[in-house]
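The values are calculated or read from the model by the stated rules, or taken from the named source; none is laboratory data. Here the structure is a predicted model, which is why all the values come from computation and not from measurement. Glycine gets a Cβ as well: all are built from the backbone with ideal geometry, and neighbour counts include every protein chain shown. Just so you know, the surface numbers come from the protein's heavy atoms only, side chains and all, with ligands and any DNA or RNA stripped out. Shrake-Rupley method; radii C 1.70, N 1.55, O 1.52, S 1.80 Å.
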Amino acid sequence: ELWMKHSQKKKPVYPSIEEAIKARTAAGDMTEASVRTLVSRGLMETSGGFTWRADSRLRIDSPQRMTEEQVLSFLTAIACPVLAIRASHGLPFENPLFEKRFQSLRQAELHTVTGGHHVHLDSPETVVPLIRTFFGLERH
């Protein structure tokens, strides 16, 4: 029910791309340059202006929940190396739960960088070197 109800919810329509940029910038937590990046790939033209391309149902909680035992089972089954980059001012999480889950990964590397949820857009210079090192890439 909630799934269907949410899918019928009207998305905001902005008269111009600049208005969409202003609205997203006002919502906070991102630089204007990062907002422009999101807007360039996230908006689509519609009658009356521009709206977000993403399905609004992505913003609701899933009705399907796993037990902690199931979550840990999935995590321990991951065989490839994992790089986790966490923003110091990103979304909050419970430390003991995160630590237990992170420890169940076989080959995991964790780095905390200064920034918010969109640090990869706002300050890519803090994230890119970590990714390049993780994958063994060198600058040419």
Subject >> Whole-number Å³ per residue for the convex hull built on Cα positions in the chain >> reply: 157 Å³
**OP:** Could you state the accessible area per residue of region 1-110 in Å², with a 1.4 Å probe and every protein chain left in place?
**Re:** 75 Å²
**OP:** With a cut-off of at most 13 other beta carbons within 10 Å, and DSSP calling the residue loop, which GluC sites (Glu not before Pro) in region 56-108 qualify? Please list them.
**Re:** Glu94
Subject >> Approximate spin-label separation Leu137-Glu45, in nm, with each point projected 7 Å along Cα-to-Cβ >> reply: 3.3 nm
Subject >> the chain, relative contact order [Cα under 8 Å, separation at least 6], % >> reply: 22 percent
Original post:
Just for the chain, what percent of DSSP beta bridges are antiparallel, to the closest 5?
Top reply: 40 percent
Subject >> Using a Förster distance of 35 Å, the FRET efficiency for Gln107-Lys10 (Cβ separation, nearest 0.05) >> reply: 0.20
Original post:
Taking the chain as a Gaussian network, where each spring joins two C-alpha atoms under 10 Å apart, which residue of Val35, Val119, Val82 fluctuates the most?
Top reply: Val82
**OP:** Report relative contact order for region 66-134 in percent, whole number only (criteria: Cα-Cα under 8 Å, sequence separation at least 6).
**Re:** 37 percent
Original post:
Roughly speaking, to the nearest percent, how much of the chain's 1.4 Å accessible area is carbon and sulfur?
Top reply: 57 percent
Original post:
Helix-derived [θ] at 222 nm for the chain: sum -39500 (n - 2.57) over DSSP H runs of at least 4, divide by residue count, nearest 500?
Top reply: -12000 deg cm²/dmol
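With +1 on each Lys and Arg Cβ and -1 on each Asp and Glu Cβ, and nothing else charged, work out how big the dipole of region 1-99 is about its Cα centre, in Debye to the nearest 20.
460 debye
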